[in-house]
1. Amide H neighbours of residue 32 under 5 Å, counting only residues 5+ apart in sequence or on other chains, H built in-plane at 1.01 Å?
2. Would you mind calculating the relative contact order of the chain from Cα pairs under 8 angstrom and at least 6 residues apart, reporting the percent as a whole number?
3. Among 101, 30, 71, which one moves the most in a GNM of the chain with springs linking Cα atoms closer than 10 Å?
4. Within 10 Å of each candidate Cβ there may be at most 12 other Cβ atoms; applying that plus a DSSP loop requirement, which GluC sites (Glu not before Pro) in the stretch 1-68 survive?
5. In degrees from 0 to 90, rounded to the nearest 10, what is the angle of the helix 297-306 Cα long axis to the longest principal axis of the chain?
6. So, in nm, how far is label residue 228 from label residue 108 when the simple model puts each one 7 Å beyond its Cα toward the Cβ?
7. Residue separation times 0.36 nm, minus the C-alpha to C-alpha distance between residue 205 and residue 236: what's the value?
8. Quickly estimate the mean residue ellipticity at 222 nm for the chain, helices only: each DSSP H run with n ≥ 4 gives -39500 (n - 2.57), and the total goes over all residues, rounded to 500.
Amino acid sequence: MSAEATAPGKMILFGEHSVVYRGPAILLAVDRRASVVASKRDDKRVYIDSEDLGFSGYFDNGEYTAVTGKVWRGRNMAALEVATRKVMAHLGVDGGVNLKVRSMIPIAVGLGSSAAVCVATTAAVGELFDGNLSKEKIAELSFEGEKVIHGNPSGADNSIATYGGIMRYERGVGLKRLKLDKPLPFVIGNTRKKRSTRNMVEGVKELKDRNPEVVDPIIYTMAGLSQTGLDALLRRDTGKLGDLMNINHGLLTSIGVSTQELDDLVYAARREGALGAKLTGAGGGGCMIALAEEEHLGMVEKGIRAARGYSMRVNLTDEGVTTRRL
Ligand code: PMV
């Protein structure tokens, strides 16, 4: 017997970096998903197999042993082991599982792949042991896994992977879930350059500490822009949304988180008719996003590819985690 769960990736529309200090971040679930198939084992191992990520191996009492691929790749999956154990402890079962991981979400470029895989693991293991886990419980247990890798994550990534839709997250205020009644297509441009969110956040902090009189007002402006942007999104005012994305990219560039590669993709998208384009997530590499009218999407994608980016068209999705028996 086995069970499968899937969960969506995400992009940040507004509020990256400013959310560390003030104001909301607006996250959107996208229709690129991770899938995890869980099945029972006779021993107590958590065996993880991912062809996409190029490794397989198992955790035994928290210790990772590689079967194929690099050891560190498997260790990166410690969150899945922890989430699996948390689900089993919650359900009072003692055993082991095989996890087959597949993902359509590129890794380490700010699109929420680790949260999606962790949420899908939590839900698949829950389903495997007849846990009937609520979405709330899935978000809570997967968060335990995410904490292992990210130290002190906001909880926004695993919430959006669990519930889908639109999420407004603000420190000290919490999460608010929202829905969009019609799809809205975006193009994601991936520089394919991996980066560390932690280093980028640290770099902004150092710049801000050296120049508070200049950087504080920029953060303040980004925080306000993020709320205005959410209102425009909910009204589906795509013209205004595009303007705000362009302005936001300029502000993010001013605090040093864009790169030549990101700028190239952003300008290529605008040249090909995008209403707006900006980097998304921590910057320093990773991805940018572009909003365009339906008839311009193809040209925007072409422009991004010509600028040496990998492009993918995505739609926003209200579909959060799904589970099924196989
Ligand atoms: O690129 P991501 O998805 O890791 O997003 C980082 C968002 C930041 O605001 C830069 C950091 C944070 O913790 O909010």
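Laboratory data are not the source of any read-out in this text; all were calculated from the coordinates shown. Not measured: the values here are computed from a predicted model. Cβ coordinates were reconstructed from backbone atoms using ideal geometry, including for glycine residues, and neighbour counts include every protein chain displayed.
1. Long-range HN contacts for residue 32: 9.
2. Details: 770 pairs, mean separation 83.2, N = 326.
Across the chain, relative contact order equals 26 percent.
3. Looking only at 101, 30, 71, the largest GNM fluctuation is found for 71.
4. Numbers: sites: 4, 16, 51, 63; in loops: 16, 51.
Loop-located and lightly packed - 51.
5. On a 0 to 90 degree scale, this one is about 90.
6. So the two model labels end up 3.7 nm from each other.
7. Numbers: separation 31, 0.36 × 31 = 11.16 nm, distance 3.35 nm.
Here the segment from residue 205 to residue 236 would lengthen by 7.8 nm.
8. Working: 11 runs with 140 residues, N = 326.
Calculated from helices alone, the mean residue ellipticity at 222 nm is -13500 deg cm²/dmol.
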